[in-house]
Structures are given as structure tokens and as C-alpha cells.
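What follows is a single structure, written as C-alpha cells, with notes after it.
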Amino acid sequence: MSKVVVISGIAQGMGREVSLMLAAQGYTICGFDIEKKYLDSLSDELNKLNAKHHLESLSITDSDKILKFRDAVLKKFGAVDTVVSNVGIGFFGPFEEVNLVKALQCFDINVIGCARLLQAFVPSMRKAKSGKIVVMSSLVGQVPFPFESIYSATKFAIEGMVSSMRYEVSPFGIQVAMIQPAQVSTNFAAKAQKLPESNSPYYDRCVRFINRDNELIKKATNPKQAAERIVKVITAKKPKLFNQVDFMSTFFLGLNRFLPQKLKDKILLDHMNINV
């Protein structure tokens with residue numbers, strides 16, 4: 001019997017790549033996204049693979065529609081084996097100048113959005129005494145980068161929330177894993193980058209940070225390579241809790257575990273070309 005996976009943010013980037021790879025392995029693909037035109041083209045690709053699928057256009061902020069989506073999936077396919085929480089937005093800028101209304105929106109999408117999705121599907125997994133939850137976190141969920149204070153905070157929150165939840169659901173046969181990418185060559189970072197005003201005291205360092213970030217993105221792991229590693233986590237019999245998909249994430253998480261703070265700071269700031 002085909003395994004059923006639910007993926008939020010399925011229409012583009014890693015979500016799309018993962019869905020196609022799993023479809024090629026015989027998975028039934030369910031997911032949602034706000035980008036309907038990309039959902040339509042994904043549906044065409046899944047049809048070419050003869051993959052069963054159920055796709056809907058909706059927002060991770062809409063609790064009622066997420067529950068209706070869940071009900072439709074369970075009615076159509078009976079059960080869900082894996083849920084992949086993949087929706088997230090970036091947030092760039094000096095902390096002093098952060099618009100807190102927009103910061104709350106970022107938390108609503110990145111953290112509460114993840115909670116909405118998991119709360120929708122955990123009950124059926126618990127009753128089945130089986131399931132797997134895979135959550136997209138980030139390197140900055142453990143190693144915060146400058147000018148990403150709000151985004152880092154959302155990822156720290158996700159890692160705390162999911163790590164705590166893991167203890168609660170594991171007695172019911174539900175496995176939990178998190179993915180910690182640093183840089184993948186998608187347009188995610190570009191969407192998040194917005195310079196402060198030119199008279200900001202942080203302007204020059206922000207420019208240097210963005211220029212360096214764009215250099216690194218050109219050399220970063222491509223979405224297909226990252227997706228291959230994510231698929232390995234999804235299909236693993238016993239996935240690890242924390243999983244990296246690129247060298248930069250592995251490197252900085254290693255430094256974070258073993259080096260003193262002063263040396264870690266120097267390496268990170270030098271790496272991003274913003275040491276003063």
C-alpha cells in the first residue's frame with residue numbers, strides 16, 4: 001500500500017523537489033501552498049509520474065482550512081504516514097529597526113504555522129500508533145547570525161517546540177526529525193533581504209553581509225541535492241532528531257559544539273565579512 005505524505009509549502013523549492021522524489025518512489029503526495037500557479041504545474045508533473053495526489057491552495061495561517069484539508073486527505077486516503085512542515089519566511093534587518101508587527105507575522109507563519117499543521121495530523125498518527133514528523137528548521141535555530149534576529153528566534157522556537165513535543169508523541173510510535181539547512185540555492189534568501197535606510201548606523205555592515213551571503217548562495221547546495229538528503233530522512237527507518245543537508249550547516253554546528261564563544265564569534269563574523 002502506498003505511503004501517504006503531507007507537505008506544507010509544496011509548490012516550489014525543496015518542498016516541490018521532495019514531493020517529486022517521493023512520488024517516484026511510490027508515495028501518495030498531499031500538500032498545500034499559497035502559490036496556485038505552481039501547484040497546478042506540480043499536479044501536472046505528478047500526473048506524469050502516475051502519482052496519487054491531493055493538492056490545495058491555502059495559507060499556513062488559516063487554521064480552519066488546514067483542518068478541512070486534513071479531513072479531505074484522511075477521507076480520501078485513510079491515513080497519513082509522514083507530515084513535512086516546510087512553510088517558512090525569512091526576516092532580515094538590524095534588531096533595533098525591526099518592525100514588530102511584521103516580526104509577529106513571521107512568528108505566526110514560521111512557528112504557529114508549524115504548530116497548526118502538526119496539531120491537525122498528530123491525533124490520527126497517535127491513534128494509528130505510527131507516523132513520522134519532519135520539520136524544516138535551520139542552522140540559525142542553533143547558531144544565530146547577525147541581522148537575522150527575528151528569523152533566528154523563530155527557528156530557536158521551532159526547535160524547542162518540536163524537541164519538547166517529541167517526548168510527548170514518541171510513546172505513540174511517532175518519530176520526529178528536524179532538517180537544519182544553512183544555505184540552499186533557492187530564492188528564499190533573496191526574498192528575505194531588504195536593506196535598512198542608507199542613513200542607518202547598520203547600513204554598511206548589512207550591505208557587506210548581503211553581498212557575502214549572495215556570494216555563498218551561488219556556491220550553495222542546490223535544491224535537488226538538499227531534497228535528496230531530506231528524502232533519506234523521510235524514508236529512514238529510524239531518523240536522527242537533527243539532520244544537516246549542506247557543508248556550511250555541518251561546519252558551523254560543529255564549531256558551536258566544540259569551540260569557545262570568542263573564537264566562534266570571530267570565525268562567523270569573518271566568514272560573513274562583517275568583523276569590525
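Every number in this text was worked out from the coordinates using simple rules, so none of it is lab data. These numbers come from a predicted model, not from an experiment. Cβ: placed from backbone, ideal geometry, glycine included. Neighbour counts: every protein chain shown.
Worth a mention:
- When shorter helices are ignored and each DSSP H run of at least 4 residues is given -39500 (n - 2.57), the per-residue value for the chain at 222 nm works out to -16500 deg cm²/dmol.
- Normalised contact order of segment 4-271, rounded percent, pairs of Cα under 8 Å and 6 or more residues apart: 19 percent
- Taking amide H as placed 1.01 Å from N in the peptide plane, the amide H of residue 246 sits under 5 Å from that of 182, each at least 5 places away or on another chain.
- In the elastic network of the chain, a GNM with C-alpha springs shorter than 10 Å, the most mobile of 165, 14, 178 is 165.
- Largest GNM mean-square fluctuation among 203, 27, 151, using the chain with Cα springs under 10 Å: 203.
- For the chain, fraction of C-alpha pairs farther apart than 35 Å, in %: 17 percent
- At R0 = 22 Å, FRET efficiency that the Cβ-Cβ distance of residue 262 and residue 208 yields, to 0.05: 0.55
- Sorted from longest to shortest, the spans of the Cα atoms of segment 1-57 along the three principal axes equal 30, 19, 17 Å.
- Size of charge dipole - segment 118-268 - debye, nearest 20, with Cβ of Lys, Arg +1 and Asp, Glu -1, no other charges: 600 debye
- Applying the Karplus relation 6.51 cos²θ - 1.76 cosθ + 1.60 with θ = phi - 60° to segment 210-227 yields 3J(HN,Hα) values of 5, 4, 5, 4, 5, 4, 5, 4, 4, 9, 6, 4, 7, x, 5, 5, 4, 4 Hz, where x marks Gly and Pro.
- Multiplying the residue separation of residue 241 and residue 71 by 0.36 nm and subtracting their alpha-carbon distance yields 58.4 nm.
- Distance-filtered residues of segment 73-100 - backbone nitrogen under 20 Å, label point 7 angstrom along residue 52 Cα→Cβ: 73-84
- When each of 129/238; 3/132; 194/262; 52/76 is checked by Cα-Cα distance, pairs over 19 Å: 194/262
- Projected label points at residue 232 and residue 41, each 7 Å from Cα along the beta carbon direction, are separated by 2.9 nanometres.
- Rounded to 10°, Cα long-axis angle of helix 36-48 versus longest principal axis of the chain: 50 degrees
- 18 Å tail of the calculated P(r), segment 121-276, as % of Cα pairs: 64 percent
- Acute angle (nearest 10 degrees) that the helix 63-77 long axis makes with the longest principal axis of the chain, alpha-carbon atoms: 40 degrees
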